[in-house]
Amino acid sequence: MRNYRGISLLLLVGMVFCQWVAAQSVVRGAYLQNGRHDAMTVKWRTDSLTNARVWYGNSPTHLTDVVTDSTLSFDQTVRISGLAPATTYYYAVGDTNRQMEGGDSSHRFTTNPVPGSTPPIKIWAIGDFGRDNPQERWVRDAYSQYVKANRAADVWLWLGDNAYDSGTDAQYQTKVFDIYDSIFAFQPFWPTPGNHDYQSVNQNGLPPTHFGPYYRIVEVPTQGETGGLASGGEMFYSFDYGNVHFVSLNSELGTWVTLPNSPMAQWLVDDLQGSSQPWKIVYFHQPPHSKGSHDSDNFWEVTMASMRINFAPLFEDNGVDLVLSGHSHVYERSRLMYGFYDYSPMYNSSFEVDHGSGSLIHGVPYQKSVNGPNPNRGTVYAVVGNSGSITGFPQLNHPLMYYGWGCDTCVGSLIVDVHNDTLMGTYYASTGQVMDEFAILKDLTVAVTPSQAALEPHFKAWPNPFSQQLEIEFVLPTTEQVTVQLLDLRGDLLATQRLGRVAAGTHQLDMSTAAQRLASGTYLLRFEVGTRVLYEKLVKVNP
């Protein structure tokens, strides 16, 4: 006699298993975290418990390598290691039964360059964005258009208040993941939390025990594994990308911000002093200086004052070049500063290392020397708090700020380009219009007297304006390594001529072939000779 009860039980188990397999789907699309020169983390969420697998390879149709995590979970995390530096990989995600998402050209990542190397680096910074409103979509779409005409950013910085109004998991889903779903698949992000994100963070105990949606979503380096000093937790951290050292601080840690000798302040000093990278960028949510939707002079802005009084001196004394924040729903950008940590009425121009605009387009970038009695002095502060948030009628009259922009429709984001010893920032409105641009040059040579000027290298481009012909004449007082580069006004590299070691004397270089490929417009010629970097603005006209 057959055991029909046993057969029925097996059929039932099989049916349940088949339904379980069929039910698996991705409800939070794949996103990328904690990139290194040899590793990347891929995260996603499924609608039911499952194991996790990532397929990856050098093209969407050749995903020949596999990494599996057998842990059953809704929130999937797979770490891929053993990768080649500065290399693009394509991937798909799923479980051990099937691929659920990816295997196309949009699901890709590029590993970091080797720390200390000097490729062109592009950074995209947004703040106060997660609102699920038209303004957030305008900024997203403007960046997508930018990527079509340029290349995607290497580093995506979140400046806090990432998900309004209280940073819940549901708000992160609808106001961040659902909005940027087309970008997450290829663009790793490096976040910092804001006060709105912290409304859903459990703050019992010391900060290393903080937990909540923000901390469950992100994965950042905690042990110095991506460069920098181990922080021991995800509240604040640092990492290297090429020759840039990034530090993400947390302005929402209460007494760890308001106390001048807090553990975060001590860690920051040790981290900055231990970094050998020539560029240093620090970012966090609440800005030291602002006259936007938040006024840093108001007595109740305790955290803004603490970042100014307790942390800004640490930035400036340890060679930080650029400080980025959000919180105030405007864009503001300072002059090259040193030593001002007070309320705005106490400001005067003696705190300016450079009194100019910093505009590379107009030939007056900020200069920082690593030599002399005050090496590496000067920091630029930028507030990028209107990547989705707006404010009507802001004051925008802080005397420290060179430029400010904000209104009830004013939204945008900041692109920062770093290449060798040049850092250039460009603020784009959601319309694509450039509202502000500035640059910092790391000048490695000391100033010379007029009698010494004849011993300095110099060059000239002619004709200028040019059409089909472009010649470079340069004079070297000594034998030097020479590189000539053509860039657009965003700092994107268009052409390079590496001449190697060139003897002293007068030389000519024909760049007509590169010039003929250019559209009409304004460009920059970068002349690198030894440790000196010189620029000249070029204008291309129709023939």
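Tabulated values for the structure
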item	result
From the options Leu525, Leu518, residue that is surrounded by 15 or more Cβ atoms within 10 Å (Cβ to Cβ), of a type in the set (A, V, I, L, M, F, W, C) and in contact with a Lys or Arg (Cβ under 6 Å, 6 or more places away or on another chain)	Leu518
Test: residue in segment 358-372 that is farther than 26 Å from Gly521 by Cα, modelled with pLDDT of 95 or more and not in a loop (DSSP other than H, G, I, E, B)	no
Residue satisfying all of: in segment 37-76; within 28 Å of the chain's Cα centre (by Cα) and acidic (Asp, Glu); farthest from Ala92 (Cα to Cα) among these	Asp38
Pairs where the first residue, in segment 351-363, is under 14 Å from Leu400 (Cβ atoms) and among the charged types (D, E, K, R) and the second is in a loop (DSSP other than H, G, I, E, B) and at pLDDT 90 or above, C-beta under 6 Å, 6+ apart	Glu352/Arg335
Qualifying residue in segment 160-178 (condition: open to solvent by 10 Å² or more (accessible area, probe 1.4 Å), on the phi < 0 side of the Ramachandran plot, touching a strand residue (DSSP E or B) at 6+ places or on another chain (Cβ under 6 Å) and assigned to a loop (DSSP other than H, G, I, E, B))	no
Residue that is farthest from the chain's Cα centre (by Cα), among those in segment 135-158 that are of a type in the set (Gly, Ala, Ser) and assigned to a loop (DSSP other than H, G, I, E, B)	Ala152
Gln199 in contact with a Ser or Thr (Cβ under 8 Å, 6 or more places away or on another chain), open to solvent by 10 Å² or more (accessible area, probe 1.4 Å) and in a helix (DSSP H, G or I)	yes
Members of segment 40-76 found to be under 15 Å from Ser25 (Cα atoms), open to solvent by 40 Å² or more (accessible area, probe 1.4 Å) and among the polar types (S, T, N, Q), listed by number	none
Residues of segment 105-134 classified as open to solvent by less than 10 Å² (accessible area, probe 1.4 Å) and outside any loop (DSSP other than H, G, I, E, B), total	7
Cβ pairs under 7 Å, 6+ apart, first in segment 477-502 and among the acidic types (Asp, Glu), second not in a strand (DSSP E or B)	Glu480/Pro457; Glu480/Gly530; Asp492/Asn150
Flag for His37 being open to solvent by 30 Å² or more (accessible area, probe 1.4 Å), at negative phi and out of contact with any Ser or Thr (no Cβ under 7 Å at 6 or more places or on another chain)	no
Residue among Ala265, Ala230 that is at pLDDT 95 or above and more than 28 Å from Thr111 (Cβ to Cβ)	Ala265
Spans of strands (runs of 3 or more DSSP E) in segment 401-450 with at least 3 residues modelled with pLDDT under 95 and either more than 18 Å from the chain's Cα centre (by Cα) or polar (S, T, N, Q) (or both)	434-443
Segment 368-392 residues that are open to solvent by less than 10 Å² (accessible area, probe 1.4 Å), paired with ones that are of a type in the set (S, T, N, Q) and not in a strand (DSSP E or B) (beta carbon under 7 Å, 6 or more apart)	Lys368/Asn376; Val383/Ser290; Val383/Ser328; Gly385/Ser328; Gly388/Asn133; Gly388/Gln135
Segment 208-263, subset assigned to a loop (DSSP other than H, G, I, E, B) and of a type in the set (Asp, Glu), residue surrounded by the fewest Cβ atoms within 10 Å (Cβ to Cβ)	Glu219
Hey, Asp271 under 26 Å from Pro188 (Cβ atoms), touching a Pro at 6+ places or on another chain (Cβ under 9 Å) and buried (at least 22 other Cβ atoms within 10 Å of the Cβ) or not	no
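The values are calculated or read from the model by the stated rules, or taken from the named source; none is laboratory data. Fair warning: this is a prediction, and the values are worked out from it, not measured in the lab. Neighbour counts run over all protein chains shown; Cβ positions are idealised from the backbone, glycine included. Ligands, DNA and RNA are stripped out before the accessible areas are found, and what is left, the full protein with its side chains, is counted by its heavy atoms. Shrake-Rupley method; radii C 1.70, N 1.55, O 1.52, S 1.80 Å.
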